[in-house]
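The next block holds one structure in the form of structure tokens; read it before the comments.
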Amino acid sequence: MKNHLFNILSSIIAFYIPFQIALLTELPLVKNLILLIFCIQWISFIPAFIFQTEKFYDLTGSITYLTTVFTALYITDSGNISDYVIVSCVAIWAIRLGSFLFMRIHKAGEDRRFRDIKPNFTRFFMTWTLQGMWVSMCLLCVLTALSSYSGIIVNNIFYIGLMIFISGFIIEVLADHQKTVFRKDLKNKDKFISTGLWSYSRHPNYFGEILLWLGIAVMSFSSLEGFQYFTLISPIFVYILLVYISGIRMLENQANKKWGHLDSYKEYLKNTPRLFFRIFG
């Protein structure tokens, strides 16, 4: 009973936080788009729970990103090239990551994280609601900037943000590619990757992810005012999510169980930063 109450409370909080930030923007479109994001998750949860499947979870997240930003672009219809640029950045990222994760789970047959989650109604519902929070928190600054009177303002800050996004995107794609190639080589079975970008960071893909959302926030910055600056929380949220909740913490626990007894892995942990790149040495 306590677990069910915790799951329900967590779901309420996951919805409440981004929705309240959306209200602070004083832009009705932003509020409505946040509602759209959560509705997509809750509707998708129904068949997922009935058929006990998580195979379309990540894909739904990506589709939600695409649906939301293109809806915002269509409704605002400012005609600014900069609006199309930032929407294209989000779209390219969403399509790439969504297809990558979908193909990975399709090949594996399941996402092991969901084995114990799927049978539990409130816990599975909470997971889908948390995905709504993830999409909302990441997109809040973009949706607010698009919905503002001026749209996305082009200046030096915008171009700096675009460069940051491109850098982060390249790092994430390259890191994922290097790990995929590493795992395909049968000689590397049951081994950990420590080459390429993975020799500079233990999680370069997550570093790239945080960097690209920082870029999106910087691109949006000049279009915001007043309480709308609260929407710039997106890169901070992504950092907390990946480092302390769903990403690095879980992966490092699994890695320690698998390779923690190896001297080579201990050396790798000692010499390689967890997230930010080792530039020298």
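The values are calculated or read from the model by the stated rules, or taken from the named source; none is laboratory data. In this text, all values refer to a predicted model and were calculated from it rather than measured experimentally. Cβ atoms come from the backbone with ideal geometry, glycine included; neighbour counts cover every protein chain shown.
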### Query
Just one of the numbered conditions (1) under 24 Å from residue 89 (Cβ atoms); (2) touching a residue at least 60 places away in the same chain (Cβ under 8 Å); (3) of a type outside the set (Phe, Trp, Tyr); (4) part of a helix (DSSP H, G or I) is not true of residue 255; which one?
(1)
### Query
Does residue 6 qualify as being aromatic (Phe, Trp, Tyr), surrounded by fewer than 17 Cβ atoms within 10 Å (Cβ to Cβ) and farther than 24 Å from residue 166 by Cβ?
yes
### Task
Would you confirm whether any residue within segment 28-38 is among the β-branched types (Val, Ile, Thr) and surrounded by fewer than 17 Cβ atoms within 10 Å (Cβ to Cβ)?
no
### Message
Quick test of your reading of the structure: residue 83 fulfils all but one of (1) surrounded by fewer than 17 Cβ atoms within 10 Å (Cβ to Cβ); (2) in a helix (DSSP H, G or I); (3) charged (D, E, K, R). Name the failing condition by number.
### Response
(1)
### Task
Output the qualifying pairs, or none if there are none: Cβ atoms under 6 angstrom, residues six or more apart or on different chains, first residue in segment 199-227 and within 25 Å of residue 254 (Cβ to Cβ), second residue among the polar types (S, T, N, Q) and not in a helix (DSSP H, G or I).
202/272; 207/201
### Summary
Sole miss for residue 226 among (1) surrounded by 16 or more Cβ atoms within 10 Å (Cβ to Cβ); (2) within 20 Å of residue 139 (Cβ to Cβ); (3) of a type outside the set (A, V, I, L, M, F, W, C) is condition (1)
## Note on the structure
Expected single match for surrounded by fewer than 16 Cβ atoms within 10 Å (Cβ to Cβ), of a type in the set (A, V, I, L, M) and either modelled with pLDDT of 90 or more or more than 30 Å from residue 80 (Cα to Cα) (or both) among 240, 193, 164 is 240
### Task
Please give the number of the condition residue 228 fails out of (1) within 22 Å of the chain's Cα centre (by Cα); (2) within 21 Å of residue 73 (Cβ to Cβ); (3) modelled with pLDDT under 95.
(3)
